[in-house]
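The values are calculated or read from the model by the stated rules, or taken from the named source; none is laboratory data. Just so it is clear, the model here is predicted, and its values are computed rather than measured. Every residue, glycine among them, receives a Cβ derived from its backbone with ideal geometry; neighbour counts consider all protein chains shown. The area values use the complete protein model at the heavy-atom level, side chains included, leaving out ligands, DNA and RNA. Shrake-Rupley method; radii C 1.70, N 1.55, O 1.52, S 1.80 Å.
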Amino acid sequence: ERGREITRGYAGEPVKVDHYSAKRHMRDLERAHRLFGQSAEEQGEADRCAGRADTAEHYEQHRTNPGVTLRRLERLQADRRRVERQQARTVDDARAGEITLEALVEALVRLDADHADLCDEIGHWERIVKEAEAEGVKLWGPDDFKAGDFVRSGSRLLEVLRVNKKTVTVPGGPEAGPIVSQANRRYSFNGKLPYDKVTGRVSAEEMRALLAEGKAKPGGTAAESGQDQRDA
């Protein structure tokens, strides 16, 4: 702010080299330049500290909810693919003569910088995922389920109707209770649950045993089956 005050007094006026005010004008400009440089350095340090704090916060989020980081990675990977498509279109436009060489260079420099930043950020979060897995954090995927199992999502257990690459197909419709199967679903349509929203699994065999023992009740209300669901 002090640097702005100094330069604001001159309102963009150039130095009058032959005037008695020239030396003072130059000293003020040099001082403002130093202040702006100091400001930039301190802002860079502030950004670095904020980045470290953000990393620590999201690392802890990943430990308690790995889906947060997986969804972040998916968004970043989608952004990187978008930039790569823009790079390819820019080159095609240049080959077709639709943009000048100067415009091509300017666009590619900007896109390459965006691509490099995204690659760095993706690599950072992928390393955190690997570290979390090494420490025992469970990341669910298609190899963990088969049709007939029950997938836990929040406070509900949903029967797995189909295992897909990125999702499991589960009974759709309004909530019919804490345990929803194909038999007791309210409507006939199905939904798809992403693996990053999965928090647990009960196998088909375990669910049959729980139902036989009366420890799990399909349908009903969450309040009626709360203890049964905790047991499940």
Loop sites in region 86-173: chymotrypsin sites (Phe, Trp or Tyr not before Pro), DSSP, at most 11 other Cβ within 10 Å: none
Where Rh is the Kirkwood radius over Cα pairs, Rg/Rh for region 94-196: 1.27
Unit charges at the beta carbon, dipole of region 91-210: most positive-side option, LEU158, PRO194, GLY97: LEU158
Spin-label model distance (nm) - ALA147 vs VAL91, 7 Å beyond Cα toward Cβ: 4.4
Point-to-point label distance, THR100-ARG31, nm (Cα→Cβ direction, 7 Å offset): 4.3
Label-point separation, GLN182 to ASP114 (7 Å along Cα→Cβ), nm: 4.5
Gain upon complete extension [VAL17, GLU133; 0.36 nm per residue less C-alpha separation]: 35.1 nm
Area of THR7 that stays accessible when all protein chains are in place (1.4 Å probe, Å², to 10): 50
Hull shadow area, averaged, region 153-210 [alpha-carbon convex hull, nm²]: 3.9
Solvent accessible area, Å² - VAL15, 1.4 Å probe, full protein context: 40
Cα gyration tensor, region 18-157 - rounded (a/c under 1.5), prolate or oblate: oblate
Most to least accessible of VAL105, VAL163 (protein chains only, probe 1.4 Å): VAL105, VAL163
